Amino acid sequence: MTTSSAHTIDRNSRSPKIVNVAFSYNVYSLVKEFVANKKIDEEVEFALEEMHLGPIEFSSVDSRREWLNTHVGVEVKKEQLLAAERTYFALREWIHRGVSIVAWVDVNDSAEYANFLYWIDRCDPKTFLMARPDFPGHGNFLNFESDPEKIMNSIRHSAELIRLECVEGYRRQWARLKSENSAFRLFDAENVLKSFAIDAFDEVLTSSIRTDWEAMPKILLRAIRKCWADGHSIPGDLVFSYRIIQLAKNSTEMEMRGDSSDPMRLEFRVI
């Protein structure tokens, strides 16, 4: 999990004209470069919390870190979560000051969309512009051979004004997910962001293991393709690999061999 070098706002400082909020590292990097190259009076913040993973309600930063590490194998430094907290504080302050917000979010990506809903819940925007890199041309957006400035301008110019009634809809959606407080929040076959339990993908993972020894990457590819064929998004390949290891350790019908310090070199088979 990566965070920006968030800062605390000086209440006597001048506010920027616009604050861009990104919910993935790729988009954050491109927007930051775009703003720097055009030399415009805008800030870029990185609201990344991996909120598609782990319970939403947690008692402390340490409890969230512990859950992510124990259950899905995601290691997060305390400093990263504290930096994220400072980012949300800064964004809330700018919104309170009336600074215009442009939210860059791919609403078809589970991780980005969950981070986006969490940002709405934390920062309480009343209205903002939504710039969607998932519009036609998204493939070119991440293609370094394309003209990034032209594409960024196009995305900004097509940004949609999100009014309060729509914001309230996002709030209700996150409130439902928060009340369910499940292990994962992912898009289902109907492209609805839903809650999934920690064992939701166990059958897909175990059925992807054969009687012959096979390496982790081959098993992961088989499982991911099955999920995509069924129209489901996934929590991540590293989350899947960690879960496969845990299932193998606690199963009498699966075997694992190899160096556990390098999960991608591990091999598995059913017996």
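Table for the structure above
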item: Among (1) in contact with a Leu (Cβ under 7 Å, 6 or more places away or on another chain); (2) outside any loop (DSSP other than H, G, I, E, B) - the single one GLU165 does not satisfy; result: (1)
item: Hey, ALA36 exposed (fewer than 12 other Cβ atoms within 10 Å of the Cβ) and among the hydrophobic types (A, V, I, L, M, F, W, C) or not; result: yes
item: Scope region 246-264; condition buried (at least 16 other Cβ atoms within 10 Å of the Cβ) and in contact with a strand residue (DSSP E or B) (Cβ under 9 Å, 6 or more places away or on another chain); matching residues; result: LEU247, ALA248, MET254, MET256
item: Strands (runs of 3 or more DSSP E) contained entirely in region 187-271, each with at least 1 residues that are of a type in the set (Asp, Glu); result: 254-257, 267-270
item: Leading residue by the ranking (nearest to VAL72 (Cα to Cα)) among those in region 232-245 that are in contact with a strand residue (DSSP E or B) (Cβ under 8 Å, 6 or more places away or on another chain) and small (Gly, Ala, Ser); result: GLY236
item: Selected residue (criterion: surrounded by the fewest Cβ atoms within 10 Å (Cβ to Cβ)) from residues of region 172-186 that are of a type in the set (S, T, N, Q) and outside any helix (DSSP H, G or I); result: ASN181
item: Tabulated pairs, region 212-233, first charged (D, E, K, R), second at pLDDT 95 or above and assigned to a loop (DSSP other than H, G, I, E, B), C-beta under 8 angstrom, 6+ apart or interchain; result: ARG222/SER208; LYS226/SER208
item: Which listed residue is of a type in the set (Lys, Arg) and under 17 Å from TRP119 (Cα atoms), from LYS194, LYS178; result: LYS178
item: Test: GLU168 is at pLDDT below 95 and loosely packed, with under 14 Cβ neighbours inside 10 Å; result: no
item: Among residues of region 49-78, those that are over 19 Å from SER195 (Cα atoms) and crowded, with 20+ Cβ neighbours inside 10 Å, counted; result: 2
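Yes/no matrix, rows are residues, columns are (1) under 18 Å from the mean Cα position of the chain (by Cα); (2) touching a residue at least 40 places away in the same chain (Cβ under 8 Å); (3) within 30 Å of VAL35 (Cβ to Cβ):
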site: HIS157; (1), (2), (3): no, no, yes
site: LEU161; (1), (2), (3): no, no, yes
site: LEU164; (1), (2), (3): no, no, yes
site: VAL167; (1), (2), (3): no, yes, yes
site: ARG172; (1), (2), (3): no, no, no
site: LEU177; (1), (2), (3): yes, yes, no
site: SER182; (1), (2), (3): yes, yes, no
site: SER195; (1), (2), (3): yes, no, no
site: ASP202; (1), (2), (3): no, yes, no
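Per-residue answers, yes or no, for (1) of a type in the set (Phe, Trp, Tyr); (2) over 28 Å from ASP188 (Cα atoms):
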position: VAL72; (1), (2): no, no
position: GLN80; (1), (2): no, yes
position: ALA83; (1), (2): no, yes
position: TYR88; (1), (2): yes, yes
position: ARG92; (1), (2): no, yes
position: HIS96; (1), (2): no, yes
position: ILE101; (1), (2): no, yes
position: TRP104; (1), (2): yes, no
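The values are calculated or read from the model by the stated rules, or taken from the named source; none is laboratory data. In this text the structure is predicted, and so the values were computed from the model without any measurement. Cβ: placed from backbone, ideal geometry, glycine included. Neighbour counts: every protein chain shown.
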